[in-house]
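K.L.:
Let me give you the structure first, and then I'll get to my questions.
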Amino acid sequence: MRYILGLVGAVFSVVLLISFFSNVSTYLTSPPAATAEEEFHLEPKHLSLRSDGPFGKFDRQQLQRGYQVYKEVCSACHSMNLVAYRDLEALGYKENEIKAEAAQHDAPALNPETGEPTTRKALPSDHFPSPYANETAARGANNNALPPDLSLITKAREGGAAYVYSILTGYRDQPAELVQKFPTAKTPANLHYNPYFANLNLAMPPPLKSDGQVTYAPGNPKPTVDQMAKDVAAFLVWTAEPKLERRHAAGFAVVVFLLFATVLGYLAYRNIWYGEKAVVRPTGVLEPANQAKAARAKRKAGVKG
């Protein structure tokens, strides 16, 4: 039986090897055809924010500008369901400003007399509402594309803030070279070419169309498309990880403690154990003298063997 199992295993291994080398040969002789996505997709542009790195901190003024861009541009299509109005306090907004901001929107409620669904003015404790009643309405308004929630978008997309920044500033005409080489990859109607998107064609039209689309308060940089894209990307980093500064501070404190504890441990070793030498017995249990001693102890204790 054992020989039969061994034979079956050997046959199975041979079949696997044949299949492996056959596939390798096929790949080398007939490699898969290149795709438009492989050749024309671009990695996110470089983006440097003050929140980057282990010691990064948020730029509150930039976050406020980013929130303004979200409110005036992005909120028309994208929700932010995991962020409450009261969270804006971390951006430097005062209590009365937050209440006024929330009161500009409606929140779902129930009529206490009839129990029917109704709306009320939003409170600071409410989360940012969705611009659509449900997913069906959202798809119906966007050619069957569902605008993603932006609360965690910089965590959900590879590249994070750089991905958001690149998408917002990456819209362009489809290259003629692409259409010549891949005629079937021409951007369909109602889609928009963007090489930073995975399949190159994006349902979202360019949200930032021109400089000055959002008016910044005095003392802020000029609201160019590039600057607005950077600001809203920085804001979405905050929505995805509002406790980032606290996490950085806690991590720094832990590293300092571990370094201090390591130094203390080394000094304790030097003070207590460094001068001690290991005691090595010159003989072992098989030494005749030790065996005789063990035999006498067994006889005295009445132990056989």
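Laboratory data are not the source of any read-out in this text; all were calculated from the coordinates shown. From a predicted model like this one, the values you see are computed outputs, not experimental measurements. Every residue, glycine among them, receives a Cβ derived from its backbone with ideal geometry; neighbour counts consider all protein chains shown.
K.L.:
With unit charges on the beta carbon (Lys/Arg positive, Asp/Glu negative), name the residue among Pro108, Ala84, Ala294 whose Cα is farthest towards the positive pole of the charge dipole of the chain.
P.N.:
Ala294
K.L.:
Name all residues of region 148-170 having a backbone nitrogen under 14 Å from the label point set 7 Å from the Cα of His41 along its Cα→Cβ direction, giving them as ranges.
P.N.:
In region 148-170, the label zone of His41 (backbone N under 14 Å from the point 7 Å along Cα→Cβ) covers 157-159.
K.L.:
A 21 angstrom limit on the alpha carbon distance is what I want to check against. Which of Lys45/Lys209; Lys57/Lys99; Lys57/Lys155 exceed it?
P.N.:
Lys57/Lys99
K.L.:
Treating only the Cβ atoms of Lys and Arg (+1) and Asp and Glu (-1) as charged, compute the dipole magnitude of region 52-153 about its Cα centre; round to the nearest 20 debye.
P.N.:
Roughly 200 debye, rounded to the nearest 20.
K.L.:
Using the Kyte-Doolittle scale, find the helices of the chain whose mean hydropathy is at least 0.5 and whose Cα atoms extend 15 Å or more along the helix's long axis, counting only whole DSSP H runs.
P.N.:
In the chain, the long hydrophobic H runs are 2-29, 225-240, 244-268.
K.L.:
So what's the Cα pair-distance distribution over the chain, bin width 20 Å, in %?
P.N.:
Per 20 Å bin, starting at zero, the Cα-Cα P(r) for the chain comes out as 21, 33, 22, 15, 9, 0 percent.
K.L.:
I've got another one for you. With charges only on Cβ, +1 for K and R and -1 for D and E, what is the dipole size of the chain about its Cα centre, in debye, rounded to 20?
P.N.:
2640 debye
K.L.:
Related question: Mind checking which lysines have their C-alpha under 23 Å from Lys293, skipping anything on the same chain fewer than 8 residues away?
P.N.:
Lys304
K.L.:
Here is a further query. With a sphere of radius 10 Å drawn around the Cβ of Glu39, what net charge do the other residues whose Cβ falls strictly inside it have (Lys, Arg +1; Asp, Glu -1)?
P.N.:
Taking every Cβ under 10 Å from that of Glu39, the sum is -2.
K.L.:
While we're on this one: How big is the Kirkwood radius of region 147-305, worked out from every pair of different alpha carbons and given in Å to one decimal?
P.N.:
For region 147-305, inverting the mean 1/r across all distinct Cα pairs yields 23.3 Å.
K.L.:
Using a Förster distance of 22 Å, how high is the FRET efficiency between Ala189 and Ala141, based on the Cβ-Cβ distance and rounded to 0.05?
P.N.:
Plugging the Cβ-Cβ distance into 1/(1 + (r/R0)^6) gives 0.85.
K.L.:
With springs connecting C-alpha atoms under 10 Å apart, model the chain as a Gaussian network and identify which of Ile153, Ile18, Ile167 has the largest mean-square fluctuation.
P.N.:
Comparing Ile153, Ile18, Ile167 in a Gaussian network model of the chain, the most mobile one is Ile18.
K.L.:
Does a label point 7 Å from the Cα of His105, set along Cα-to-beta-carbon, have any residues of region 73-91 with amide nitrogen under 12 Å, and which are they?
P.N.:
The answer is 74-88.
K.L.:
Counting alpha carbon pairs within less than 8 Å and at least 6 residues apart, what relative contact order, in whole percent, applies to the chain?
P.N.:
Relative CO of the chain lands at 21 percent.
K.L.:
Mind checking the dipole of region 148-305: about its Cα centre, +1 per Lys or Arg Cβ, -1 per Asp or Glu Cβ, Debye to the nearest 20?
P.N.:
The dipole of region 148-305 has a size of about 1900 debye.
K.L.:
Right, next: Is the C-alpha gyration tensor of region 36-133 telling us rounded, prolate or oblate? Criteria: a/c under 1.5 is rounded; beyond that, a/b larger than b/c is prolate, otherwise oblate.
P.N.:
Oblate shape, in that a/c is at least 1.5 and b/c is the bigger or equal ratio.
K.L.:
Among the aspartates and glutamates, which have Cα under 18 Å from the Cα of Lys230 when same-chain residues fewer than 8 positions away are ignored?
P.N.:
Reachable aspartates and glutamates: Glu43, Asp52, Asp59, Glu72, Glu158, Asp211, Glu241.
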